[in-house]
Amino acid sequence: MAAMLLALHSIVRWAVVLFALLLLSRAVNGVRTRRDWAPADHRFGLGFIISFDLQFLIGLALFHFSTLTPDSLEGFKGAMHVPALRFFAVEHTAGMVLALAAAHISWAKGKRAADAARRFRTVAIGTGLSLLLVVLSIPWPWMAVGRRLWP
């Protein structure tokens, strides 16, 4: 079960990154050109939020089934001394939860913005922050705890 979830988690991450890049580029372009918010902007935003939510749910299931995550508070204390365990139990998880929060907060605030310029600016800042946290929290292949880029 964990292997299947890990493969799915590895695939969906690219949907999250792709939608984040597309939304960020549209939001930055919207700020620069002062254009109106378009239905495509909304679709890319929903794609980003939905793919990120799906990724989070897969990650929660993986957290439950994985052998890399401790089962108890005592296990967490011991995991802090093992880099791979610490990364997946704490660093990756915390970074992704913060990234998800930034994505949701900026999307919600952006939808309620009074004008398109504020909406684009809010979405650009939140999506940029979220993407930065995602990139910093991915176990890249060159890291000591790295994973393959594709399952």
Self-check item: Any hit, segment 80-92, residues being within 24 Å of residue 48 (Cβ to Cβ) and either modelled with pLDDT of 95 or more or out of contact with any Leu (no Cβ under 8 Å at 6 or more places or on another chain) (or both)
Solution: yes
Quiz item: Which of (1) surrounded by fewer than 17 Cβ atoms within 10 Å (Cβ to Cβ); (2) among the hydrophobic types (A, V, I, L, M, F, W, C); (3) in a helix (DSSP H, G or I) does residue 27 not meet, given it meets every other one?
Solution: (1)
Quiz item: Within segment 103-135, can you find the residues that are surrounded by fewer than 13 Cβ atoms within 10 Å (Cβ to Cβ) and either part of a helix (DSSP H, G or I) or basic (Lys, Arg) (or both)?
Solution: 108, 112
Quiz item: Is at least one residue of segment 113-125 under 18 Å from residue 18 (Cα atoms), in contact (Cβ under 8 Å) with a residue 24 or more places away in the chain, in contact with a helix residue (DSSP H, G or I) (Cβ under 9 Å, 6 or more places away or on another chain) and among the small types (Gly, Ala, Ser)?
Solution: yes
Practice problem: Mind listing whichever residues of segment 74-102 are in a helix (DSSP H, G or I), exposed (fewer than 15 other Cβ atoms within 10 Å of the Cβ) and not β-branched (Val, Ile, Thr)? | Solution: 74, 75, 77, 78, 83, 84, 94, 101
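The values are calculated or read from the model by the stated rules, or taken from the named source; none is laboratory data. Predicted, not measured: the structure shown is a model, and the values here were computed from it. Here Cβ is always computed from backbone atoms with ideal geometry, including for glycine, and neighbour counts include all displayed protein chains.
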